[in-house]
Amino acid sequence: MSIMDALKDGKPLYHTSYTLIERIDLGRCKKTNDFGRGFYLTTSKDQALRFVNAALRKSGGDLQSGYILSYAFERTDDLNICEFRSTDAEWLHCICGHRRRIGRIAALWDSYDVLAGKVANDDTNATITFYLNGAYGEIGSEDAVAATLRQLHPEALENQICLKTQSALDCLKLVGYEEAPKYERDLQG
C-alpha cells in the first residue's frame, strides 16, 4: 500500500517537536531536509518516537522530553502530490538536490504541494555523502546509483510526508499529542 493510499484510509500522521506547535510556519522550516522546506510527518509512530532526540537538540536547551503530535489529513483533489514509491534514482537525486542545495535539481520538485517517500535518516547520511563525493562512481551513473541504493537498505527505511505549501497544510487537523521522553538509545551513551 502506498503512503498516499494509507492517508485515504484515515491513517494518523505523526510529527515530532520539542514544543507544542500552535501554528505551522513554513518559513521556519529548514531548506536542506530530504524533500526541502516543508512540514514533515510520518505514518510510523515508532519513527516519530526515534526522532524525539533530534527535536530536543534543536531546542538548544536541556529539555528531557518532547512531543509527538498526531494529525489527520483530509486531502483535497487540487493538491499536486509526488510520491516516490521506491528508492530509485529519482528519489536519491531529489534528496541529494535538497540536502546539498543544488538548485537546478531541487527545483524539479518545486511545483508539488506534497512529497512523500522513504526517509533518508541519520543512518544514511554517510552513504549519501559517499555518493555525492563520487565514492561509488560518477554521480548519476547507473552503477553509482545502484551501489548507493544497495548500501541504504531501503527495505528498512520508514516513510516521510513533506507538506510544502499552505494548501497542503490546510488539509491537516491536529487530533492530539503526547509528551515523549528522550529516546532510550541516546540515554545509554
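In this structure, does THR42 turn out to be within 15 Å of ALA72 (Cβ to Cβ) and either of a type outside the set (Phe, Trp, Tyr) or surrounded by fewer than 20 Cβ atoms within 10 Å (Cβ to Cβ) (or both)? It would help to see each step written out before you state the result.
Details: within 15 Å of ALA72 (Cβ to Cβ): yes; either of a type outside the set (Phe, Trp, Tyr) or surrounded by fewer than 20 Cβ atoms within 10 Å (Cβ to Cβ) (or both): yes.
Taking the combined requirement at face value, the residue satisfies it.
Given the structure, is GLU22 among the acidic types (Asp, Glu), in contact (Cβ under 8 Å) with a residue 60 or more places away in the chain and surrounded by fewer than 20 Cβ atoms within 10 Å (Cβ to Cβ)? Quick ask: steps written out before the conclusion?
Working: among the acidic types (Asp, Glu): yes; in contact (Cβ under 8 Å) with a residue 60 or more places away in the chain: no; surrounded by fewer than 20 Cβ atoms within 10 Å (Cβ to Cβ): yes.
Answer is no for this residue.
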Scan of the range 19-71 for residues that are of a type in the set (Val, Ile, Thr) and under 20 Å from GLY97 (Cα atoms), ordered by number: THR32
A careful count of residues in the range 106-126 that are polar (S, T, N, Q) and either part of a helix (DSSP H, G or I) or crowded, with 20+ Cβ neighbours inside 10 Å (or both) gives 2
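Computed from the coordinates by the stated procedures, all read-outs in this text should not be read as laboratory data. This one's a predicted model, so the numbers in the text were calculated from it and none came from an experiment. All Cβ positions, glycine included, derive from the backbone under ideal geometry; neighbour counts span all protein chains shown.
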